[in-house]
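Asks: Here's a structure for you.
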Amino acid sequence: MTAAEIGRDLHTGKYTSIEVTRHFLERIDRANQSLNAFITVTPERAMADAARADARIARGEGGPLTGVPLAHKDIFCTDGVLTSCGSRMLSNFVAPYDATVVERLAAAGMVMLGKTNMDEFAMGSSNETSWYGPVRNPWDGTRVPGGSSGGSAAAVAARLAPVATGTDTGGSIRQPGALTGLTGFKPTYGRVSRYGMVAFASSLDQAGILAQSAEDAALVLGAMAGHDARDSTSVAVPVPDYAAGLGRPMKGLRIGIIREFFGEGLEEGTGRAVRTALEGFSAMGATLVELSLPNLPLSVPTYYVVAPAECSSNLSRFDGVRFGHRCSEPRDLLDLYRRSRGEGFGAEVKRRIMTGTYVLSAGYYDAYYLKAQKVRSLINADFRRAFSEVDVLMGPTTPTPAFAIGAKVDDPITMYLNDIYTIGANLAGLPAVSVPCGLVDGLPVGLQIIGPHFAEERLLAAAHAWQLETDWHRKLPPLFA
Amino acid sequence: MYDFRQVFGIFPAFGAIVTLTRRDVEGIALLARLEITEQELPVYVESLSRILGFVDQLSAAVTDGVEPMAHPLENQVQSLRDDLVTESDRRDCYQGNAPLVAAGLYLVPKVIE
């Protein structure tokens, strides 16, 4: 059942929010030990939310999401609930307020089931850097679900939650979405407030959705998007009725196929599934145009300067003084800082903080950071040129289906290259979505659709049109069918 | 297992070889206020060198006359609000997350002898 279907059933009285919430809590109870998708389950909060939603519906109030359960990535602050960000550093942090995303979805009547596992501080592509242990892919428990929103992806793929929030800094919604057979939607930078979302790289971070369908993504996006005075980078552009725009025809849509995304790094079966999907859009009346974004192959090295630089600055707030982990018996203030941070952060987070510290340090700033921000301009210009010719860009979301747990954890650069197709959209602040387009050896693969700034409606319409023609998004992991 | 190194093939150029020393990494760790153990040190010497070598391929990009990009969206103006107090005093609540407080103050080791 999708979130939209549950919402409709609640309004027709087929079942109550309390009943459907209990159903998902039971599924979490049975499966979470093996998947490790949730860090915290909040059954009491969920039942209270559900009772309130049922009362609203009984009064004839509420909208399409009222009473529908959801899970939040543990990067979003939730008042009175542990908000760990997958880190030992915040393993004792009970947020004193709600993130805007949490607040808005609660106001829409959604029921919070709990907080999902994630790569530590959203730094990872496999969910293996979490202090709470790796998440397992419901399609194959020996494989990763992707990351960093791996817990949200596994939870929705195994139907422990109908829909979940995520965040995407370099592909952290789209990549796990692709690897678990979900619709992973990253909005335009600034479309959704970052208030209360633990910061990793502030010029790249954006909140989004892991959903079963484009329709669900449209409903949830509509409820969470919009200007927020508490986030100065959130944009005052009106929020359209995304669900109402889903029916747009594909006829006449100009689709750009990114040549650089079909190089030799692309695994064969994934490439085949994506090409078949492109033919499907052509059959629906869209026009396919192959084009080149020559600077896009530089997006991974650009990202691994810009994102660590911003991370080293953002994570300087964790000092062992005001909140978070503190070492025992510090000798002096420097020792307090260094040991609290050394103990509180995991290996990948420390690696990125140090990379960022280095590229921002005197003597290296121009060669690395300034250079990367200039290359970022070139990548941005490539996208702008492309969107003067086409309406959307399409290609694979990831080079391969889900890989084995442990396969890449010791080699950071190989891990970083997982995001080779997703990072460009973050650097340019563009909206992008991954939709399921096939199975390769029983593992899902994703088609990525990228649009110009604030073209969320166009992306959702394309994803929805594809899902009307195909049933890849309805496929369930055999163990959870 | 699929060989991910093939993805390198699509890059225009390989990065340079960068070799950080143990001393370099100790210096970076001090700047970053991170304690790194003896066991961790060689791992970071190796991986940070490789990462810097990897990102060094940016140096081959021609960026003469290109403005650095600071923000993904153009023409954004900072929104302003009225200069009014909008927050209430929640010190006790916030300090509930602090490792060590006394009389409303955050405690740290003695700074001035």
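The values are calculated or read from the model by the stated rules, or taken from the named source; none is laboratory data. Just so you know, these numbers come straight off a predicted model, no measurement behind them. Cβ placement follows ideal geometry from the backbone for every residue including glycine, while neighbour counts extend to all protein chains displayed.
Asks: Sort out which residues of the range A:199-212 are crowded, with 24+ Cβ neighbours inside 10 Å and of a type in the set (S, T, N, Q), and write them in order of number.
Replies: Scanning the range A:199-212 gives A:Gln206, A:Gln212.
Asks: Hey, can you tell me all the residues within the range B:93-113 that are facing another protein chain (nearest Cβ under 7 Å), farther than 20 Å from A:Gly80 by Cα and surrounded by 10 or more Cβ atoms within 10 Å (Cβ to Cβ)?
Replies: Answer for the range B:93-113, where residues must be facing another protein chain (nearest Cβ under 7 Å), farther than 20 Å from A:Gly80 by Cα and surrounded by 10 or more Cβ atoms within 10 Å (Cβ to Cβ): B:Tyr106, B:Val108, B:Pro109.
Asks: Still on this structure, I have one more. Looking only at the range B:76-113, count how many residues are in contact with a helix residue (DSSP H, G or I) (Cβ under 8 Å, 6 or more places away or on another chain) and more than 30 Å from A:Asp335 (Cβ to Cβ). Steps first, answer last, please.
Replies: Filtering the range B:76-113 down to residues in contact with a helix residue (DSSP H, G or I) (Cβ under 8 Å, 6 or more places away or on another chain) leaves B:101, B:104, B:106, B:108-109, B:111.
Of the ones still in play, those that are also more than 30 Å from A:Asp335 (Cβ to Cβ) are none.
Of the residues in that region, 0 qualify.
For every residue, the table says whether it meets (1) within 18 Å of the chain's Cα centre (by Cα); (2) under 17 Å from A:Val156 (Cβ atoms); (3) surrounded by fewer than 24 Cβ atoms within 10 Å (Cβ to Cβ).
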| site | (1), (2), (3) |
| --- | --- |
| A:Ala58 | no, no, yes |
| A:Glu61 | no, no, yes |
| A:Pro64 | no, no, yes |
| A:Leu70 | yes, yes, no |
| A:Asp74 | yes, yes, no |
| A:Cys77 | yes, no, no |
| A:Asn92 | no, no, yes |
| A:Ala99 | yes, no, no |
| A:Ala107 | no, no, yes |
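Asks: In the range A:36-82, what count of residues is obtained for those that are under 17 Å from A:Pro162 (Cβ atoms) and part of a strand (DSSP E or B)?
Replies: Here the count works out to 7.
Asks: Going through A:Ala402, A:Ala362, A:Ala386 one at a time, which residue ends up being outside any strand (DSSP E or B), free of Cβ contacts under 8 Å to residues at least 60 places away in the same chain and of a type in the set (Gly, Ala, Ser)?
Replies: Numbers: A:Ala402 fails: free of Cβ contacts under 8 Å to residues at least 60 places away in the same chain; A:Ala386 fails: free of Cβ contacts under 8 Å to residues at least 60 places away in the same chain.
The unique qualifying residue is A:Ala362.
Asks: Another question, if that's okay. Identify all residues within the range A:276-316 that are free of Cβ contacts under 8 Å to residues at least 24 places away in the same chain and within 14 Å of chain B (Cβ to nearest Cβ); write none if there are none.
Replies: A:Ser316
Asks: When you go through (1) in contact with a helix residue (DSSP H, G or I) (Cβ under 7 Å, 6 or more places away or on another chain); (2) assigned to a helix (DSSP H, G or I) one by one for A:Leu430, which number turns out not to apply?
Replies: Of the numbered conditions (1) in contact with a helix residue (DSSP H, G or I) (Cβ under 7 Å, 6 or more places away or on another chain); (2) assigned to a helix (DSSP H, G or I), the odd one out for A:Leu430 is (2).
Asks: Moving on. Residue by residue through the range B:51-92, note down the ones that are surrounded by fewer than 12 Cβ atoms within 10 Å (Cβ to Cβ), at the interface with chain A (Cβ under 8 Å from one of its Cβ atoms) and closer than 24 Å to A:Asp98 by Cβ.
Replies: B:Arg81, B:Arg90
Asks: On to the next question. Scan the range A:2-32 residue by residue and report those that are in contact (Cβ under 8 Å) with a residue 60 or more places away in the chain and assigned to a helix (DSSP H, G or I).
Replies: Answer for the range A:2-32, where residues must be in contact (Cβ under 8 Å) with a residue 60 or more places away in the chain and assigned to a helix (DSSP H, G or I): A:Ala3, A:Ala4, A:Ile6, A:Gly7, A:Ser17, A:Thr21, A:Phe24, A:Leu25, A:Arg27, A:Ile28, A:Ala31, A:Asn32.
Asks: Which one of these does A:Glu457 not meet: (1) among the acidic types (Asp, Glu); (2) more than 20 Å from A:Gly256 (Cα to Cα); (3) touching a Pro at 6+ places or on another chain (Cβ under 7 Å)?
Replies: Answer for A:Glu457: the failing condition is (2).
Asks: If you check A:Thr116 against the conditions, is it over 21 Å from the mean Cα position of the chain (by Cα), buried (at least 24 other Cβ atoms within 10 Å of the Cβ) and hydroxyl-bearing (Ser, Thr, Tyr)? Don't jump to the end; show me each part of the working.
Replies: On the way: over 21 Å from the mean Cα position of the chain (by Cα): no; buried (at least 24 other Cβ atoms within 10 Å of the Cβ): yes; hydroxyl-bearing (Ser, Thr, Tyr): yes.
In short, no.
Asks: Does A:Ala425 satisfy the condition of being part of a loop (DSSP other than H, G, I, E, B) and out of contact with any His (no Cβ under 8 Å at 6 or more places or on another chain)?
Replies: Numbers: part of a loop (DSSP other than H, G, I, E, B): no; out of contact with any His (no Cβ under 8 Å at 6 or more places or on another chain): yes.
Answer is no for this residue.
Asks: If we keep just the residues of the range A:250-265 that are in a loop (DSSP other than H, G, I, E, B) and modelled with pLDDT of 95 or more, which is nearest to the other protein chains (Cβ to nearest Cβ)? I'd like the intermediate steps shown before the answer.
Replies: First, the residues of the range A:250-265 that are in a loop (DSSP other than H, G, I, E, B): A:250-253, A:263-265.
When the remaining residues are screened for being modelled with pLDDT of 95 or more, the result is A:250-253.
On the way: A:Met250: 27, A:Lys251: 30, A:Gly252: 28, A:Leu253: 24 Å.
Among them, the one singled out is A:Leu253.
Here is a yes/no grid of residues against (1) assigned to a helix (DSSP H, G or I); (2) surrounded by 22 or more Cβ atoms within 10 Å (Cβ to Cβ); (3) polar (S, T, N, Q):
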site	(1), (2), (3)
A:Leu219	yes, yes, no
A:Val239	no, no, no
A:Thr270	yes, yes, yes
A:Ala309	yes, yes, no
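Asks: Kindly list the number of the only condition in (1) more than 20 Å from A:Tyr15 (Cα to Cα); (2) surrounded by 24 or more Cβ atoms within 10 Å (Cβ to Cβ); (3) touching a residue at least 60 places away in the same chain (Cβ under 8 Å) that fails for A:Thr40.
Replies: Failed condition: (2).
Asks: For residues that are part of a loop (DSSP other than H, G, I, E, B) and buried (at least 18 other Cβ atoms within 10 Å of the Cβ), scanning just the range A:323-359, find the one that is farthest from the other protein chains (Cβ to nearest Cβ).
Replies: Of the range A:323-359, the ones part of a loop (DSSP other than H, G, I, E, B) are A:323-332, A:345-346.
Going one step further and asking which of them are buried (at least 18 other Cβ atoms within 10 Å of the Cβ), we end up with A:323-327, A:345-346.
Details: A:Phe323: 4, A:Gly324: 8, A:His325: 8, A:Arg326: 4, A:Cys327: 8, A:Phe345: 7, A:Gly346: 11 Å.
The selected residue is A:Gly346.
Asks: To continue, here is another question. Would you call A:Cys327 over 22 Å from the mean Cα position of the chain (by Cα), modelled with pLDDT of 95 or more and not polar (S, T, N, Q)?
Replies: Details: over 22 Å from the mean Cα position of the chain (by Cα): yes; modelled with pLDDT of 95 or more: yes; not polar (S, T, N, Q): yes.
It is true that A:Cys327 is over 22 Å from the mean Cα position of the chain (by Cα), modelled with pLDDT of 95 or more and not polar (S, T, N, Q).
Asks: Additional query: Within the set of pairs 6 or more residues apart or between chains, which connect a residue that is within 12 Å of A:Ala463 (Cβ to Cβ) inside the range A:240-251 to a residue that is in a loop (DSSP other than H, G, I, E, B) with Cβ atoms less than 9 Å apart?
Replies: Pairs found: A:Met250/A:Met284; A:Met250/A:Gly285; A:Met250/A:Ala286.
Asks: Starting from residues that are more than 18 Å from the chain's Cα centre (by Cα) and more than 8 Å from chain B (Cβ to nearest Cβ), keep the ones in the range A:396-428 and report whichever is nearest to B:Val55 (Cα to Cα).
Replies: A:Asp411
Asks: Taking A:Gly170, is it under 30 Å from A:Ala31 (Cα atoms), buried (at least 24 other Cβ atoms within 10 Å of the Cβ), within 14 Å of chain B (Cβ to nearest Cβ) and under 15 Å from the mean Cα position of the chain (by Cα)?
Replies: Working: under 30 Å from A:Ala31 (Cα atoms): yes; buried (at least 24 other Cβ atoms within 10 Å of the Cβ): yes; within 14 Å of chain B (Cβ to nearest Cβ): yes; under 15 Å from the mean Cα position of the chain (by Cα): yes.
For A:Gly170, the condition - under 30 Å from A:Ala31 (Cα atoms), buried (at least 24 other Cβ atoms within 10 Å of the Cβ), within 14 Å of chain B (Cβ to nearest Cβ) and under 15 Å from the mean Cα position of the chain (by Cα) - is met.
Asks: Name the pairs: first residue in the range A:115-144 and over 23 Å from A:Met197 (Cβ atoms), second residue aliphatic (A, V, I, L, M) and not in a loop (DSSP other than H, G, I, E, B), Cβ to Cβ under 6 Å, at least 6 apart or on different chains?
Replies: A:Arg136/A:Leu35; A:Pro138/A:Ala154; A:Pro138/A:Ala157; A:Trp139/A:Leu443; A:Thr142/A:Ala404; A:Arg143/A:Ala404
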